[in-house]
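Each remark here refers to the structure printed beneath this line.
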Amino acid sequence: MPGCTPVGYKVQGNRAVMTNFWAVMTNSTLISSFLHVVSAAIITTAMLVLGVSAWHLLKQRKSGVAPHPVFATSAQLAMIIVRSPSSPPCSSATTKPDSWRSNSP
């Protein structure tokens, strides 16, 4: 079946060895996989920035110093990125598909 995943490899011993670079690059799932990885990297970076900004804002609040506007702005931008429409809502990310649920009563 053309376009199925995975393509362009063969198993030699315990390793998968690429045999056809263009079969891999023209795979039908390449674009969706690439977008998935890039969006995950952006969201992970935004969460890191949000965490560092929140730490600095809390630290400055406890010391009585006025917070630097860079941390407030970066926290707001990170929240916009994390809650963008391209990211799934929190409720659907925590639910399991029916195939994962056990059949025990």
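Structure values in brief
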item: J(HN,Hα) series, region 38-51, from Karplus relation 6.51 cos²θ - 1.76 cosθ + 1.60, nearest Hz, glycine and proline x; result: 5, 5, 5, 5, 5, 5, 5, 5, 5, 5, 5, 4, 4, x
item: For region 15-35 and region 61-75, distance of Cα centres in Å; result: 45 Å
item: Cα gyration tensor category, rounded, prolate or oblate, for region 9-88 with a/c compared to 1.5; result: prolate
item: Whole-Hz ³J(HN,Hα) from phi, Karplus 6.51 cos²θ - 1.76 cosθ + 1.60, for region 23-29, glycine and proline x; result: 5, 5, 6, 9, 4, 5, 9
item: At R0 = 30 Å, FRET efficiency that the Cβ-Cβ distance of THR44 and HIS68 yields, to 0.05; result: 0.80
item: Using θ = phi - 60° and Karplus 6.51 cos²θ - 1.76 cosθ + 1.60, couplings along region 12-22 (whole Hz; Gly, Pro as x); result: 10, x, 9, 10, 9, 10, 5, 10, 9, 4, 5
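Where a number appears in this text, it was derived from the coordinates with a stated rule and is not lab data. Everything numeric here is computed off the predicted structure, so don't read it as measured data. Every residue, glycine as well, gets a Cβ built from its backbone with ideal geometry; the counts of neighbours run over all protein chains shown.
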